[in-house]
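The values are calculated or read from the model by the stated rules, or taken from the named source; none is laboratory data. Here the structure is a predicted model, which means the values were calculated and not measured. FYI the Cβ positions are ideal-geometry reconstructions off the backbone, even for glycines, and counts take in every protein chain you see. Surface accessibility is based on the protein's heavy atoms, side chains included, excluding ligands, DNA and RNA. Shrake-Rupley method; radii C 1.70, N 1.55, O 1.52, S 1.80 Å.
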Amino acid sequence: SLLQENTMMTDSDDECPDLVATPMQQNGTDGVKTKVPVTIITGQLGSGKTTLLTYILTEQHSKKIAVILNEFGTESADEKSMSVGSGGELYSEWLELRNGCLCCSVKDNGVKAIENLMEKRGKFDYILLETTGLADPAPVAGMFWLDEELGADVYLDGVVTVVDSKHCMEQMKEVKEGGAMNEWLRQVGVADMIVVNKTDLVSGEQLEQVVGAVRGVNGASQLVTAVNSKVELDMLLDLHAYDGLSDRPDKFEASSGPHLDTSVGTVSLHFPGDTEMQMVEGFLGRLLWEPENYPGMVVLRLKGVLAIFGKNKQLMVQGVHDTYDTYETREWAEGGDRKNTLVIIGKNLEKEKLQTNFTNALNGISE
């Protein structure tokens, strides 16, 4: 059995159970408070994200990972929390697995689970938080900025979306009531890493179409293909999607994909030289909080790098839906080109209008 004998039962489904104490914890690093990275794992029902998490929880990889399986109140038979143990029983307590990982199942209480888990810091280096196939990951991602207490202990490392090669072409075209954006588009739109899974079930030509379709929606994320959800763990961790520690030069450059009829896509905006922060804030405010400026447009994710007058360091901007944050990162290369880049992923994006307004705003010309 993957389950150790010494587990503790929870008194209530509403409270995330405490982790069982082990000798390793008593020798923990309570004196040194380093933030723990959280990776959100999302994807449609049947995409293989549960298989991915099972793989992580059973593979020998010498990493200490806590996995929170989150049902978000869904009672779908296909979307039960992963069974860990014999006979397919469902456990709602913290489990310690043979490979050093921890596992917990909670309903509705992703934040509570993390808060309780952080009381046991030193026992793990990473947290993976699963969302149900019916969940929009954006509000979950946003909570790491809005909850200051939570943000003191953990940081959002990135959103990983698992895509089903065989069914994603239909899923992306699903029509929702009132023309709302479907879950597949939302999940792919906010992703920082996309795992195109079950590639063995499609032909090479179909896979090319799938990758092109995914890139057409989100051209700014990393992408990897997989069979049976087997992905090199290092590709899912330490993404640094929300900070300046990633060394990927293409992080803020959208790659092009074919134009699809989903109306969801990626655009990159550019402005050479330096600008003032208040001018950027004016543009973002009109973009995110004044929908009358861009009728029918929906922003899923935005990220970028800014060059601010008098600042030697790059200023990073990160946003999910209508929430954004900025912070300084690495220094500009001496003698290099200082420029402003903003990548927007969303629905009904009018590139020319956005670029014109971005240029005017950063030049101090009002819309």
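A Cβ distance below 8 Å, combined with a sequence gap of six or more or placement on separate chains, defines the contacts here; from the stretch 180-192, residues that are farther than 12 Å from VAL299 by Cβ reach residues that are modelled with pLDDT under 95 and of a type in the set (Gly, Ala, Ser) in the pairs GLU183/GLY133; GLU183/ALA135; GLN187/GLY43; ALA191/SER221; ASP192/GLY158; ASP192/SER221; ASP192/ALA241. Just wondering, is there one or more residues in the stretch 258-270 that are modelled with pLDDT of 90 or more, part of a loop (DSSP other than H, G, I, E, B), over 24 Å from PRO139 (Cβ atoms) and small (Gly, Ala, Ser)? Within the stretch 258-270, none of the residues are modelled with pLDDT of 90 or more, part of a loop (DSSP other than H, G, I, E, B), over 24 Å from PRO139 (Cβ atoms) and small (Gly, Ala, Ser).
Listed here are the residues, each with its yes/no results for (1) modelled with pLDDT of 90 or more; (2) open to solvent by 40 Å² or more (accessible area, probe 1.4 Å).
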position	(1), (2)
ASN116	no, no
LEU129	no, no
PRO137	no, no
ASP147	no, yes
ASP157	yes, no
GLU177	no, yes
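Would you check which residues across the stretch 231-243 are without any contact (Cβ under 8 Å) to a residue 24 or more places away in the chain and in a helix (DSSP H, G or I) and list them? Across the stretch 231-243, the qualifying residue is only ASP234.
Could you check the stretch 318-353 and list, in sequence order, the residues that are in contact with a Leu (Cβ under 6 Å, 6 or more places away or on another chain) and aliphatic (A, V, I, L, M)? Listed by number, the residues that qualify are LEU342, ILE344, ILE345. Note on the stretch 208-230: residues that are under 22 Å from THR50 (Cβ atoms) and either open to solvent by less than 10 Å² (accessible area, probe 1.4 Å) or assigned to a helix (DSSP H, G or I) (or both) amount to 5. VAL188 meets each of the listed conditions (1) in contact with a strand residue (DSSP E or B) (Cβ under 8 Å, 6 or more places away or on another chain); (2) of a type in the set (Val, Ile, Thr); (3) not in a helix (DSSP H, G or I) apart from (3). One residue stands out in the stretch 148-191 among those that are under 17 Å from the mean Cα position of the chain (by Cα) and acidic (Asp, Glu): the one that is nearest to ILE40 (Cα to Cα), namely ASP157.
Taken over the stretch 176-185, residues that are more than 17 Å from ASN218 (Cα to Cα) and part of a loop (DSSP other than H, G, I, E, B) amount to 2. Note on the stretch 159-175: residues that are in a loop (DSSP other than H, G, I, E, B) and surrounded by 24 or more Cβ atoms within 10 Å (Cβ to Cβ) amount to 1.
Of all residues being assigned to a strand (DSSP E or B) and either of a type in the set (Lys, Arg) or surrounded by fewer than 16 Cβ atoms within 10 Å (Cβ to Cβ) (or both) in the stretch 330-352, which is modelled with the highest pLDDT? Just the residue, please. My answer is LYS339.
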